[in-house]
Amino acid sequence: MKFNLPVILLNANLLLPYSEIKLEFDDDASKNILEEAEMFHDSKVLVVTKTSIDQNILLNELPRIGTVAKVTRKLELPNGKIRLVLKGVERARILEYLVPSKDSIESIISMFPKEKIDPEYKNGIIRKLYTELETCIDKVPYISNSILSLISNLEDLNKITDMIVNHLPLDINKKLEYLMEYSVTRRAEMILEDIYKEQQLFNIEKKIDTKVRKELDEDQKKFYLQEKINILKSELGEISPKEEEVKKLKQKVEELDVKESVKTKILYEIDRYENMSSMSPEISIVRNYIDLMINLPWNINTEDMNDFNLIRENLDKSHFGLEKIKDRIIEYLAVKKHSNEVNTPIICLVGPPGVGKTTIAHSISKSIGRKFVKVSVGGVDDEAIIKGHVRAYVGATPGKIIDGIKRCGSSNPIFLIDEIDKMSSNYKGDPYSALLEVLDSNQNKYFKDNYVEEDYDLSKVLFILTANDVSNIPYELKDRLEIIHIDGYTELEKKEIAKNYLIPLICNSHGIKNIKISDENLIDIIRYYTKESGLRELERLLSKIVRKLVTEKVVNNKNITLTIKNIEKYLGKKLYKNNEIIDEIGICNGLAYTNYGGDILPIEVNYYKGNSNIIITGSMGDVMNESVKVALSYIKSNSELFNIDYEAFNNDIHINVPNIAIKKEGPSAGVAITTCLISALSNLKIGSNIAFTGEITLRGNILGVGGLKEKVIGAYINNVDTIFIPYDNLSDLDEIPQEIKDKIKFIPVKKYSEIYEYLVGEK
C-alpha cells in the first residue's frame, strides 16, 4: 500500500524505530511541514538522514529508506521557535521524492512486509541477544544496563533489535547501516558482531591502561630517587634551583598584606608545587595559580586627589559637556572625603556610539589619580568569563574581573565594563547574574572567583558601565545601576568639540601646528559627511584632511587653505543630505530615535477603491501596527469632527514609511500616523516644517514618549521649526540646547483635538 508523508531532513542525527528525538524549529518551512502533518497525516512525518553535508539537496542522492515518526509532544516557545518530540514508528521504503514547493519535500512510501521467522529460531535469537548483551554489560562499564529491563519481556524481535541498537555506543554511520537493513534476522546478526567487537576493544583498552599505569609507576620511582638526590644535596650544602624558587615564593607570601586564610592557601599550593615532579602535567597549573595569588593587589590602594577644582578642570580639558557624569564624580569624592564611609556608586553611562562613554571613564581615572582598567563584555554568553573557571578544568583561567584587577595592580581602580547590553544567556550560564555579585555593594566585599577560590574585596572599586540600549539590560541588574544618559551632540556642539579638542589632538599626533578650519567648513563636514550622534566618523574625516594637508606640504611644499572645494577634493562628494518633505496631502513628519541619534520619520498615506483593507508597509514593527489600528479607530469615531466622509473608510488605505529596508518600531509615531490619515482622508495639507511625536489613545489623549532631545535635534537638522509634543514631556525641554529652542516652536498638547484645531487654523 502506497501513501505520502511530508519529509523532515536531519543533519548528523538519526531516528530509529521505537526511539525518540527532540528537535527545535524556527523557520517557516519546517513549521508548515508540521502543520501539514497535523492536519492531513495524523501528526506523522517521514524522517530521513542526509548522507551528505552539502547544503544543496539532490533528490536522487537522498536515502531510499527512512523512519515514519509521530509527533508526541509539541511546544511553542515565546521566541517563536517550536520544540517537539518525535517517536519512531517503523521503517518505510521511499518510492519517490516530491517537491511541492521550494521549501518542502514530500515522499511516496510503502511499508516493508513482515519477515517470516520460525518461532523456535526467533526465540533462540532473542535468548542469545539477551545473554550476550548481559555478558557485555558486565564486562564493559560504559554500556547502560537499563536496556536489559526494557527488552526482558518483549517477544517482538523487530522491536528488540532496534531498541538494542539505540543503546549501543555506535557512531551515526553504523546506526545508519542498521536503519537501512530491513531484515530483522540480519540486524540481529549485526548486533551480535558489534557486541563481540565492543568486548574486544574494551580488552585492548584495559591492556593499554595497565601499560600506562606501569609507566606512571616508573615516573613515581624516578621522582622518589630525585627526592633522595635533593636530600643528599641538602646534606652537602647544595641547594637546587627549585628549592631556591620555593624559598623566594614563601618570602613573598610572608610580605603580603592579606588575611591568614589566604596566606595558608598560597603556602599549601607552594608545598604542592615543591613536592611535584617536574614531569607532572599539573605543575604549570599550580605554578600559575601561585603567581596570580601573590601578584593580586590584595590591599594595595591609590589615594584619590582631593583638589576638586583641579579635577573639574582636568575633566573639562579632556571632554566637552557631559556635565552629569562630571558632577556625579565630584559629588562622590566630596562625600567620601567628608564621611570617609560611602557606598561606591555603580554608574552606567547609556547613549549612542561615539559620544565619549569610554573615554570619559579613562579621563576620570587620570583626573582623580586612580588606576584604570577596561573589559568588554559584548557577546559574552558564559558566566565563567566573569567569575572564572574552576581549576579542575584544563586551561582554567580567572575571570575578567580578577584578571583586570591583577593587571592594573590596585584594589580601588576605575573599572570600566563596556557594552553590558550586548551580553546574552544560554546553557553555559547567565553572565548578568554573575555581574550582580560583582557590582552589588552588599555582595562584592566577599566576591569569590571560581579560579581564586578565596574572597576578594571589590567594594572599593568604582565601576563604570556603558551601554547603547538600556532596555536590553535585565531589570535585576538595572535596578542596581545609577543610569546617566549621555545624549548625542548637536551640530554646534560638534563644531566646538572639533575646534577645541579634536583638531588640536589630531594635529599634535601628526606633528604639525594647529590648522584652522572655518566654522562654515566644519558645519558642512558635520552635516553632509557624517550621520551619527557621536564623533568617531567626524574624527576620522578630520584626520583624513590633516593627512592630506601634511602630504601636500611634504611632497609639493605647499600650504593649502581649506575651502568648500578643497573639502570635496579630500572627502569626495557629499554623502548625506537632509530629508526633504514636500507639502502634499497625505504626507507628514514623525520623529524617530535611533542608535545614531534623532531623525525625522516621513509618513505617507494613500487610499483607493477597495474593500476596507488596511495595507501597512515600511518595515513597521508590532507596536507601530498597533498604533495604526488605534489611530484608525479614533478617526472613525470622530469622522464628523475631522470633516471626513465615512464612506471613505470603505476604500483600501495604504500607510507607508519610506526607507523600507530599515526596521521601525515604537508607539511615539501614533500622533503622526493619525495626522497623516486625517490629511489624506480630509484633503488637509500639512506643512513640511511641522513634526509630531506622541502616543495616541482611543479617546484622543496624547501620552508622553522617550528620547525627545535626540528627536528634536534630528528635527532641527532637517529644518523643522514647529513640533507638537505631549504635555507630559514639557520637563524634557530643559535638556534641549538653547540655540535649538530659540529656533523651534514647541506646542505641548494633551488631546489630539488641540492639534487638529491648530492645523485647521493654519490652513
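The values are calculated or read from the model by the stated rules, or taken from the named source; none is laboratory data. Since this is a predicted model, take the numbers as computed values, not measurements. All Cβ positions, glycine included, derive from the backbone under ideal geometry; neighbour counts span all protein chains shown. Quick note on the areas: whole protein, heavy atoms, side chains included, nothing else; ligands and nucleic acids left out. Shrake-Rupley method; radii C 1.70, N 1.55, O 1.52, S 1.80 Å.
In a helix (DSSP H, G or I), more than 26 Å from Lys741 (Cβ to Cβ), among the β-branched types (Val, Ile, Thr) and open to solvent by less than 40 Å² (accessible area, probe 1.4 Å): which single residue out of Ile525, Ile506 fits that description?
Of the residues listed, the single one that is in a helix (DSSP H, G or I), more than 26 Å from Lys741 (Cβ to Cβ), among the β-branched types (Val, Ile, Thr) and open to solvent by less than 40 Å² (accessible area, probe 1.4 Å) is Ile506.
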_Can you say whether Glu496 is touching a residue at least 40 places away in the same chain (Cβ under 8 Å), among the acidic types (Asp, Glu), over 30 Å from Gly404 (Cα atoms) and assigned to a helix (DSSP H, G or I), as far as the supplied structure shows?_
yes
_Members of the range 687-698 that are at pLDDT 85 or above, farther than 20 Å from Lys636 by Cα and in a loop (DSSP other than H, G, I, E, B)_ = Asn689, Thr693
*asked:* Given the criteria at pLDDT below 85, open to solvent by less than 40 Å² (accessible area, probe 1.4 Å) and not in a loop (DSSP other than H, G, I, E, B), does Glu227 qualify?
replied: no
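Listed here are the residues, each with its yes/no results for (1) open to solvent by less than 50 Å² (accessible area, probe 1.4 Å); (2) under 36 Å from the mean Cα position of the chain (by Cα); (3) at pLDDT 85 or above.
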residue	(1), (2), (3)
Ala672	yes, yes, yes
Ser679	yes, no, yes
Ser682	yes, no, yes
Gly700	yes, no, yes
Val705	yes, yes, yes
Asn719	no, no, no
Ile747	yes, no, yes
Lys751	no, no, yes
Ile755	yes, no, yes
*Which number in (1) over 23 Å from Ile311 (Cβ atoms); (2) buried (at least 17 other Cβ atoms within 10 Å of the Cβ) marks the one condition that Ser425 misses?*
(2)
*Those residues that are at pLDDT 80 or above and over 41 Å from the mean Cα position of the chain (by Cα), I need them from the range 273-289; list them, please.*
none
*Answer yes or no as to whether Asn643 is at pLDDT below 90, open to solvent by 40 Å² or more (accessible area, probe 1.4 Å) and within 26 Å of Tyr593 (Cβ to Cβ).*
no
_Filter result (open to solvent by less than 40 Å² (accessible area, probe 1.4 Å), assigned to a loop (DSSP other than H, G, I, E, B) and touching a Ser or Thr at 6+ places or on another chain (Cβ under 9 Å)) within the range 273-301_ = Leu296, Pro297, Trp298
*Would you point out which residue out of Asn650, Asn656 is in contact with a Gly (Cβ under 6 Å, 6 or more places away or on another chain), open to solvent by 10 Å² or more (accessible area, probe 1.4 Å), under 24 Å from Met620 (Cα atoms) and modelled with pLDDT of 85 or more?*
Asn656
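In the range 314-322, is there at least one residue being under 22 Å from Leu435 (Cβ atoms) and either assigned to a helix (DSSP H, G or I) or open to solvent by 10 Å² or more (accessible area, probe 1.4 Å) (or both)?
no
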_Looking at Lys460, Lys499, can you tell me which residue is within 26 Å of Lys371 (Cβ to Cβ) and either in contact with a Cys (Cβ under 6 Å, 6 or more places away or on another chain) or of a type in the set (D, E, K, R) (or both)?_
Lys460
*Among the listed residues Glu419, Glu437, Glu453, which satisfies the condition of being within 15 Å of Leu296 (Cα to Cα) and in contact (Cβ under 8 Å) with a residue 12 or more places away in the chain?*
Glu453
*Among the candidates Lys197, Lys174, which residue alone is assigned to a helix (DSSP H, G or I), within 30 Å of Met1 (Cα to Cα) and either of a type outside the set (Ser, Thr, Tyr) or open to solvent by less than 60 Å² (accessible area, probe 1.4 Å) (or both)?*
Lys174
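Listed here are the residues, each with its yes/no results for (1) β-branched (Val, Ile, Thr); (2) in contact with a Pro (Cβ under 6 Å, 6 or more places away or on another chain).
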{"position": "Ile385", "(1), (2)": "yes, no"}
{"position": "Arg391", "(1), (2)": "no, no"}
{"position": "Met423", "(1), (2)": "no, yes"}
{"position": "Tyr432", "(1), (2)": "no, yes"}
*Every residue from the range 137-169 that is surrounded by 17 or more Cβ atoms within 10 Å (Cβ to Cβ) and either touching a residue at least 24 places away in the same chain (Cβ under 8 Å) or of a type in the set (D, E, K, R) (or both)*: Ile143, Leu157, Asn158, Ile160, Thr161, Asp162, Met163, Ile164, Val165, Asn166, His167, Leu168
*When you go through (1) at pLDDT 85 or above; (2) surrounded by fewer than 22 Cβ atoms within 10 Å (Cβ to Cβ); (3) closer than 29 Å to Glu260 by Cα one by one for Ile401, which number turns out not to apply?*
(2)
*Is at least one residue of the range 50-65 modelled with pLDDT of 85 or more, more than 30 Å from the chain's Cα centre (by Cα), open to solvent by 30 Å² or more (accessible area, probe 1.4 Å) and farther than 26 Å from Asn158 by Cβ?*
no
*Does the range 339-348 contain at least one residue that is assigned to a helix (DSSP H, G or I) and either in contact with an Asp or Glu (Cβ under 8 Å, 6 or more places away or on another chain) or surrounded by 22 or more Cβ atoms within 10 Å (Cβ to Cβ) (or both)?*
no
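The rows are residues; the columns are (1) out of contact with any helix residue (DSSP H, G or I) (no Cβ under 7 Å at 6 or more places or on another chain); (2) over 28 Å from Arg287 (Cβ atoms).
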position: Gly378; (1), (2): no, yes
position: Glu383; (1), (2): no, no
position: His389; (1), (2): yes, no
position: Gly395; (1), (2): yes, no
position: Ile402; (1), (2): yes, no
position: Ile405; (1), (2): yes, no
position: Ile414; (1), (2): no, yes
position: Glu419; (1), (2): yes, yes
*Please name all residue pairs, on different chains or six or more residues apart, with Cβ atoms under 7 Å, provided the first residue is in the range 371-396 and is within 21 Å of Tyr289 (Cβ to Cβ) and of a type in the set (Asp, Glu) and the second residue is part of a strand (DSSP E or B) and open to solvent by less than 40 Å² (accessible area, probe 1.4 Å).*
Asp382/Gly429; Glu383/Gly429
*Which of the residues that make up the range 364-398 are open to solvent by 10 Å² or more (accessible area, probe 1.4 Å), hydroxyl-bearing (Ser, Thr, Tyr) and either within 14 Å of Leu462 (Cα to Cα) or touching a Phe, Trp or Tyr at 6+ places or on another chain (Cβ under 8 Å) (or both)?*
Thr397
*Starting from residues that are open to solvent by 30 Å² or more (accessible area, probe 1.4 Å) and touching a strand residue (DSSP E or B) at 6+ places or on another chain (Cβ under 8 Å), keep the ones in the range 446-462 and report whichever is nearest to Asn412 (Cα to Cα).*
Asp457
*Test: residue in the range 104-120 that is open to solvent by 60 Å² or more (accessible area, probe 1.4 Å) and either within 18 Å of Pro6 (Cα to Cα) or in a strand (DSSP E or B) (or both)*: no
*Which of (1) modelled with pLDDT of 80 or more; (2) loosely packed, with under 14 Cβ neighbours inside 10 Å is the odd one out, the single condition Leu481 does not satisfy?*
(2)
*Confirm whether Lys685 is among the charged types (D, E, K, R), within 13 Å of Leu601 (Cα to Cα) and in contact (Cβ under 8 Å) with a residue 40 or more places away in the chain.*
no
